[in-house]
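Data block below; observations after.
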Amino acid sequence: MQMTDKDPRITRVEILRKEMTKVAMEKGLSSKESVKLSQELDTLLNEIQSDKRPK
């Protein structure tokens, strides 16, 4: 991937963060929906991080 190409996972991270913040403000941090979004975001961030590690 070239430096100018944005990993689509980064776009997904940005969307999830915004969505999670909105849900958390409306329903609380411990709501099922907030927790689900948080877990999805964690999984995605872990995936991105593991791809950046030297092999």
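A short reminder: the numbers here are calculations on the coordinates, not readings from a lab. Please read these numbers as outputs of a predicted model, since none were measured by experiment.
Against the main long axis of the alpha-carbon atoms of the chain, helix 32-52 sits at an angle near 10°. Convex hull of alpha carbon positions in the chain: directionally averaged projected area 4.3 nm². Taking a straight Cα-Cα cut-off under 20 Å and skipping sequence neighbours fewer than 8 places away in the same chain, the lysines within cross-link reach of residue 36 are 18, 22, 27.
In straight-distance terms, cross-link reach from residue 52 covers every one of the lysines whose alpha-carbon lies under 16 Å from its own, apart from those fewer than eight places away in the same chain; here that gives 6. Note on residue 32: aspartates and glutamates with a C-alpha under 18 Å away, same-chain residues under 8 apart excluded, are 19, 40, 42. The angle separating the long axis of helix 8-27 from the principal Cα axis of greatest extent in the chain is about 10 degrees.
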